[in-house]
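The values are calculated or read from the model by the stated rules, or taken from the named source; none is laboratory data. Just so you know, these numbers come straight off a predicted model, no measurement behind them. Ideal geometry is used to build each Cβ from the backbone, glycine not excepted, and the neighbour counts take in all protein chains shown. Accessible surface areas use protein heavy atoms only, side chains included; no ligands, DNA or RNA. Shrake-Rupley method; radii C 1.70, N 1.55, O 1.52, S 1.80 Å.
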Amino acid sequence: MSASTMEATAVREFRVEVRDGALEDLRRRLSETRFPEKETVEDAAQGVQLATMEALVRYWGGEYDMGRFEARLNAFPQFITEIDGLDIHFIHVRSPHENALPLIITHGWPGSIIEMLAAIGPLTDPTAYGGNAEDAFDVVVPSMPGYGFSAKPAATGWDPVHIARAWIQLMERLGYTHYVAQGGDWGAQITDVMGAEAPLGLLGIHSNMPGTVPPEISATLASHVLGGGDPAPSGLSGDEQRAYERLNELYTTGLGYSIEMGHRPQTLYGLADSPVALAAWMIDHDARSYDDIAAAFRGEPVGSLTRDEVLDNITMTWVTNTGVSSGRLYAENTLGFFDIKGTTVPAAVTVFPNELYQAPRSWAEQAYPNLIYFNEVDAGNHFAAWQEPEIFTRELRAAFKSVRRPT
């Protein structure tokens, strides 16, 4: 191996250092915010409400600790390594317990590695959080290309399939001969693709937003984007009908952000120039998550999704100027978000009540021929690990118990 190749594949230590003046500039921009008039309806039907944004800006520019996200990330071992010409940033925490199961967790949009921080401790050191040593994981949490402190692709080609293959390479580079993978949102799609690639070392996957929708139903839903389209399917069970109705709501009224980023991500210059534009865009992912985030800025957080957590994520996105680069993943993608990806490895599914849809067990069994775990929990939204880290941790321990190798 040549010296240049060794240098490119090296795993280098990394520490977050926000550039001088960046936070002062952010405060200045927040102080100069020009708000629009109040929405003309009494609910969030027109988007992020003025009262929510006024509360967010007031707290962000006044009480929020601007250095919080930097300190939180620097409390974990962080690294950079180059894969296919692109620097990938990741957290890597090895468990203090022997025979820990290596686990790679992938975030989504508008989230980031911030989503996973509260779960890392319980996953890597379960005895410190009421668990057992045999439940321990080594945890790897990479930032997807164009997100956070990973590099921004300068050309097309970094789609979910490419990222899945890069993650397989990353785990091999870290010396893991066997491991498991987990994801939600984009992370769910990437994890499903890893399960379809089925590398020798991948023992199983877990998803909190699984790709289970049968092809004929997926085609019907796609025809409903912006209304109209094919008639609803018949003969569905109660759980399947519930899933269809939730997805149909999403496809007809909830995909505006996805359509814009999927077709015209470069148009969103406001995400680079205005922290308020960025914040509003990021908290308007889906109606149920928005409700919980709005509650946090009223002083009524749901679970662990507090206003500080939300602003840690937005602040990191602002200082790295990754609002547009992260959105380009929608333009790169050619896979259906909820479609079956062909996973063949052992698969586990946890259904959270306020996820974009609640996958029926019948669909999960068709999508994952080797389904080893399926459970519905009673709390949590689209940002499962972020909002309910205890439930998330418990689910991963249970989901992967059967694939752990004997000690």
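A few points about this structure:
- Number of positions in segment 30-50 that are over 26 Å from the mean Cα position of the chain (by Cα) and open to solvent by 70 Å² or more (accessible area, probe 1.4 Å): 10
- Number of the exception - I372 against (1) part of a loop (DSSP other than H, G, I, E, B); (2) surrounded by fewer than 24 Cβ atoms within 10 Å (Cβ to Cβ): (1)
- Residues in segment 296-324 that are in a helix (DSSP H, G or I) and either open to solvent by 10 Å² or more (accessible area, probe 1.4 Å) or of a type in the set (V, I, T) (or both): R307, D308, E309, V310, I314, T315, T317, W318, V319, V324.
- For segment 337-351, the set of residues classified as in a loop (DSSP other than H, G, I, E, B) and surrounded by fewer than 24 Cβ atoms within 10 Å (Cβ to Cβ) consists of F337, I340, G342, T344, V345, P346, listed by residue number.
- Segment 232-245, residues that are in contact (Cβ under 8 Å) with a residue 12 or more places away in the chain and either crowded, with 16+ Cβ neighbours inside 10 Å or farther than 17 Å from D339 by Cβ (or both): A232, S237, D239, E240, R242, A243, Y244
- Unique match (being within 24 Å of Q266 (Cβ to Cβ) and either part of a helix (DSSP H, G or I) or of a type outside the set (D, E) (or both)) among T156, T177, T191: T156
- Summed over segment 287-304, residues that are farther than 21 Å from G254 by Cα, in contact (Cβ under 8 Å) with a residue 60 or more places away in the chain and of a type outside the set (F, W, Y) total 4.
- Hey, I105 surrounded by 19 or more Cβ atoms within 10 Å (Cβ to Cβ), under 18 Å from the mean Cα position of the chain (by Cα) and not in a helix (DSSP H, G or I) or not: yes
- Some residue of segment 157-164 being more than 23 Å from I83 (Cα to Cα) and either open to solvent by less than 50 Å² (accessible area, probe 1.4 Å) or aliphatic (A, V, I, L, M) (or both): no
- Residues that are of a type in the set (S, T, N, Q), assigned to a helix (DSSP H, G or I) and over 11 Å from R328 (Cβ atoms) were ranked within segment 254-274; the one that is least open to solvent (accessible area, probe 1.4 Å) is S258.
- Subset of segment 381-394 [open to solvent by less than 10 Å² (accessible area, probe 1.4 Å) and more than 14 Å from the chain's Cα centre (by Cα)]: T393
- G229, sole failed condition from (1) in a helix (DSSP H, G or I); (2) open to solvent by 40 Å² or more (accessible area, probe 1.4 Å); (3) out of contact with any Gly (no Cβ under 8 Å at 6 or more places or on another chain): (1)
- Taken together, the residues in segment 174-206 that are in contact (Cβ under 8 Å) with a residue 60 or more places away in the chain and either under 21 Å from N99 (Cβ atoms) or in contact with a Cys (Cβ under 6 Å, 6 or more places away or on another chain) (or both) amount to 12.
- Here the condition is being in contact with a Leu (Cβ under 9 Å, 6 or more places away or on another chain) and surrounded by fewer than 21 Cβ atoms within 10 Å (Cβ to Cβ); of A118, A75, it holds for A75 alone.
- Members of segment 317-333 that are of a type outside the set (S, T, N, Q) and within 14 Å of V276 (Cα to Cα): W318, V319, G323
- Residue match in segment 360-369 (condition: more than 18 Å from the chain's Cα centre (by Cα), free of Cβ contacts under 8 Å to residues at least 24 places away in the same chain and open to solvent by 50 Å² or more (accessible area, probe 1.4 Å)): yes
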